[in-house]
């Protein structure tokens, strides 16, 4: 009897603890429901309708028609193409980041100042630096074209006004903006590589290039992988840079990205349903590419263990 | 210990519930405890306007202190307005008074968001005859088409996108000023502009032009003056392939390509045509009624200037576009009588109109809504010099009221469910302006896309 009584008290205490646990989990859970799950479900339902923000969403159910239309929407494919072209900046940023990180991974005077300088673009307001770069790229009065003119005597390209050069401009800007992050990440990766590996390789007669090629690059591959994943996901969502620097989306939509087009459809053309479908299609594309990346990582991502 | 636990539980509950109450309906707070009515107002205002309008609402509240408890005024920017309002509509939480433009009016009515003001105005025993009728009519809807029927909103303002010239440049070049009642023909305009277009500092590059044209705002004038239009009269069909339209567009791009009296597309990209006008590099540029205070300010525009008419094409009549935004009332407002009174007050109160039009302040950001005030005190103040306005102020009213040589109208996009078709046209127009594609080829390329977009737009509200 007494044993039973004790057990009952214990379970009551456990139960109470359980309840308290739930009580504390409740706020974030409700937050998740309200701010994540609900909008996702809402957007999915919206994507099946002709909702324009004014009419009744559920009265205008059209099934998968928005998705069908998207697949034949030439502008969607064009802006998706632009978005993918911008991703050329991801490997460029990685290579530059790794080179600079290797250079900085040593004890020299003023290294902290140097590291800080490279990180400033990352902590600066995206809008502010985008406006700054608009002036760098200005056709007549810009820094870049002034340098080109001083060096070659020729007038530089119409950076933001030309269908080809606007993409180059955006890539340059995004690489510059993201460089600080790649450097910091690669620095931490480099500092995690044990010195003995290099010493052992040197004893075996390895040269500087070989050390870099066969020790450094493989052992920072987890960092490279992380940057590839986040770079691709972020790359598909590029929006603010373009909106600020080329508010029209560029001549013939040459600078427009998927999210820019999505924004136009939702808030300028008031086709919320269509825009929601685009958001879902974009999410699916990102999901598939991320999944492929994770599947493929075994082939090239090495860890120290 | 027990207390602490109870407190923690309470906190958790409050946090959880807070999430819901934040999005909950607020129509229940339509009245204060002592039975006074509360109103919610949602507007976009620029920095000049905000203090003036807030002051007006404050005065209204004080004058109705016995019936009105609190007026909650939310102000946002033009860019944010539509997005926020859409959110409010979706949440079923519209303010009592907000803006609507002629373009959205019929959709708002059809979907039951806004209330017919006509019976409320009748109940108040007030008349709208004193308002500018052209503008007021854009807020009428008869269930079929806009322009006639009951009134669903009263104008906050009426604007005109007039033309302007830099007097100092005319003096410098010794050219007679344009006649504010006799617009230039296209050829005359080109001839005058050629005299201004030159390299003033002899560095080999043109640095002064006859005019500058911002496509999306200044092509309409040419199209309409040539008797063409972007759409058919029912706003369902894109009509940019008519000979009149093509001719007007050709003449518009010829100003840049053939006559070269405007900055090139590249020059426009370096420094916009608006900035070049402010810098005194262009003899002609546009002036909206909202620009007047800024252009009269020597800090912004250190030149003498005046208003004039856009050049004409085949119709011989000068055209420009009008703009307006109006106050409407939520169909679900619990305090419709009070909301209607506030709307009537904001739209027609003479003191308020004196302030925003600059009769009392000296700086004009809009013209008065009331005809008598506009024709009387407003023009008197301009003539007396107490209101900073260029002397050809009649250009504004001529466009607004229409004469045999000029007229104002609303852009076609005001009557279509969205303006995407318009964006498609203007997105690539610089390719025509820089000569990389011909007018015919461009129209052949964009017309099907525009028509498809317009079809979708109409389809989206059917």
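The values are calculated or read from the model by the stated rules, or taken from the named source; none is laboratory data. Note that this is a predicted model, so its numbers are computed, not measured. Virtual Cβ from ideal backbone geometry, glycine too; neighbours counted across all protein chains shown.
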- Do we find that residue B:416 is over 22 Å from residue B:45 (Cα atoms) and within 14 Å of chain A (Cβ to nearest Cβ) in this structure? yes
- Being modelled with pLDDT of 95 or more, within 14 Å of another protein chain (Cβ to nearest Cβ) and farther than 19 Å from residue A:55 by Cβ is the filter here, so list the residues in region A:257-277 that pass it. A:260, A:261, A:262
- Can you pull out the residues in region B:62-111 that are within 14 Å of chain A (Cβ to nearest Cβ), touching a helix residue (DSSP H, G or I) at 6+ places or on another chain (Cβ under 6 Å) and part of a loop (DSSP other than H, G, I, E, B)? B:94
- Task: Sort through A:42, A:76, A:38 and tell me the only one that's modelled with pLDDT of 90 or more, closer than 30 Å to residue A:233 by Cα, within 14 Å of chain B (Cβ to nearest Cβ) and in contact with a helix residue (DSSP H, G or I) (Cβ under 8 Å, 6 or more places away or on another chain).
- Result: A:76
- Which of the residues belonging to region B:112-133 are within 14 Å of another protein chain (Cβ to nearest Cβ) and exposed (fewer than 14 other Cβ atoms within 10 Å of the Cβ)? B:112
- Message: Can you find a residue that is farther than 17 Å from residue B:211 by Cα and touching a residue at least 12 places away in the same chain (Cβ under 8 Å) anywhere in region B:274-289?
- Response: yes
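So that you can scan it fast, the table gives a plain yes or no per residue for (1) surrounded by 13 or more Cβ atoms within 10 Å (Cβ to Cβ); (2) touching a strand residue (DSSP E or B) at 6+ places or on another chain (Cβ under 6 Å); (3) within 12 Å of chain B (Cβ to nearest Cβ):
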position: A:25; (1), (2), (3): no, no, yes
position: A:61; (1), (2), (3): yes, yes, no
position: A:67; (1), (2), (3): yes, no, no
position: A:72; (1), (2), (3): no, no, yes
position: A:80; (1), (2), (3): yes, no, no
position: A:93; (1), (2), (3): yes, no, no
position: A:96; (1), (2), (3): yes, no, no
position: A:106; (1), (2), (3): no, no, no
- Of the residues in region B:271-291, those that are in a helix (DSSP H, G or I), surrounded by 21 or more Cβ atoms within 10 Å (Cβ to Cβ) and within 14 Å of chain A (Cβ to nearest Cβ) number 2
- Search result, residues across region B:224-243 that are under 16 Å from residue B:425 (Cβ atoms) and not in a loop (DSSP other than H, G, I, E, B): B:224, B:231, B:238
- Which of the following residues is out of contact with any strand residue (DSSP E or B) (no Cβ under 6 Å at 6 or more places or on another chain), away from chain A (no Cβ under 14 Å) and assigned to a helix (DSSP H, G or I): B:52, B:57? B:52
- Determine whether region B:421-436 contains at least one residue that is surrounded by 20 or more Cβ atoms within 10 Å (Cβ to Cβ), in contact with a strand residue (DSSP E or B) (Cβ under 9 Å, 6 or more places away or on another chain) and within 14 Å of chain A (Cβ to nearest Cβ). yes
- Do any helices (runs of 4 or more DSSP H) lying entirely in region A:232-305 carry at least 2 residues that are assigned by TED's automatic domain parsing to the domain that holds residue A:177, within 23 Å of residue A:88 (Cα to Cα) and without any contact (Cβ under 8 Å) to a residue 12 or more places away in the chain, and which ones are they? A:272-300
